[in-house]
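Q: Pasting in a structure now, in C-alpha cells, and then I'll have a few things to ask.
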Amino acid sequence: QVQLVESGGGLVQPGGSLTLSCAVSINIFSIYALGWYRQAPGNQRELVARIYRDSSTIYAGSVKGRFTISRDNAKNTVYLQMNSLKPEDTAVYYCNVDRRIGTYWGQGTQVTVSS
C-alpha cells in the first residue's frame, strides 16, 4: 500500500506564497506521474499540476506561471510551490501518485487565500 502525507497548507493573504509537500512511502524515481489536484466546496476535483517520470510537467491554465511542481527523488517527496495566490485558489489540495497499475491519494491539505 502506498501512503502519501501532505503538509504545508494554511491561511495566506492574496498575493502570498505557500509550498506544499507530499512525502511518499515508496521510491518515486520510477513512478509514472506525480500530481497535485484541488477541490473547492461545491466543485469537482481538478488537476493543478503533474510531473512525469521524465520530469516533464503540465499545469492547469489557471495556475500556469504562478505554481511550480517539482520532485526530490532522494527524499521521495513532491512539492508544489504556489506564488501570487488568489482567493480562487482556496481549496483542499491533494497529492496523487499514478503508477499506471494503481492510483493513490493523500488525505488533503487545506489552502485558504483570504485577507
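Q: Filter segment 1-36 down to the residues that are over 13 Å from Q107 (Cβ atoms) and within 10 Å of the chain's Cα centre (by Cα) and list them by number.
A: Passing the criteria: T19, S21, L34, G35, W36.
Q: I need the strands (runs of 3 or more DSSP E) fully contained in segment 48-115, keeping only those with at least 1 residues that are touching a residue at least 24 places away in the same chain (Cβ under 8 Å) and of a type in the set (K, R).
A: 67-72
Q: In segment 18-47, how many are in a strand (DSSP E or B) and either touching a helix residue (DSSP H, G or I) at 6+ places or on another chain (Cβ under 7 Å) or surrounded by 15 or more Cβ atoms within 10 Å (Cβ to Cβ) (or both)?
A: First pass over segment 18-47, keeping only residues in a strand (DSSP E or B): 18-24, 33-39, 46-47.
Restricting the remaining residues to those that are either touching a helix residue (DSSP H, G or I) at 6+ places or on another chain (Cβ under 7 Å) or surrounded by 15 or more Cβ atoms within 10 Å (Cβ to Cβ) (or both) gives 18, 20-24, 33-38.
Final tally of qualifying residues: 12.
Q: Find the residue count for segment 58-80, including only residues that are aromatic (F, W, Y) and either at positive phi or open to solvent by 40 Å² or more (accessible area, probe 1.4 Å) (or both). Break it down into steps so the answer makes sense when it comes.
A: Of all residues in segment 58-80, those aromatic (F, W, Y) come to 59, 67, 79.
Then drop every residue that is not either at positive phi or open to solvent by 40 Å² or more (accessible area, probe 1.4 Å) (or both), which leaves 59, 79.
Within segment 58-80, residues that are aromatic (F, W, Y) and either at positive phi or open to solvent by 40 Å² or more (accessible area, probe 1.4 Å) (or both) number 2.
Q: Mind checking which pairs have a first residue in segment 2-24 that is in contact (Cβ under 8 Å) with a residue 40 or more places away in the chain and of a type in the set (A, V, I, L, M) and a second that is open to solvent by less than 30 Å² (accessible area, probe 1.4 Å) and not in a strand (DSSP E or B), Cβ under 8 Å, 6 or more apart or different chains?
A: Pairs that qualify, where the first residue is in contact (Cβ under 8 Å) with a residue 40 or more places away in the chain and of a type in the set (A, V, I, L, M) and the partner is open to solvent by less than 30 Å² (accessible area, probe 1.4 Å) and not in a strand (DSSP E or B), are V2/G102; L4/G106; V5/G106; V12/L85; L18/L85; V24/V2; V24/I31.
The values are calculated or read from the model by the stated rules, or taken from the named source; none is laboratory data. Predicted model only: the values in this text are computed from it and were never measured. Cβ coordinates were reconstructed from backbone atoms using ideal geometry, including for glycine residues, and neighbour counts include every protein chain displayed. When the accessible area is computed, the model is the full protein with side chains, heavy atoms only, and any ligands, DNA or RNA have been set aside. Shrake-Rupley method; radii C 1.70, N 1.55, O 1.52, S 1.80 Å.
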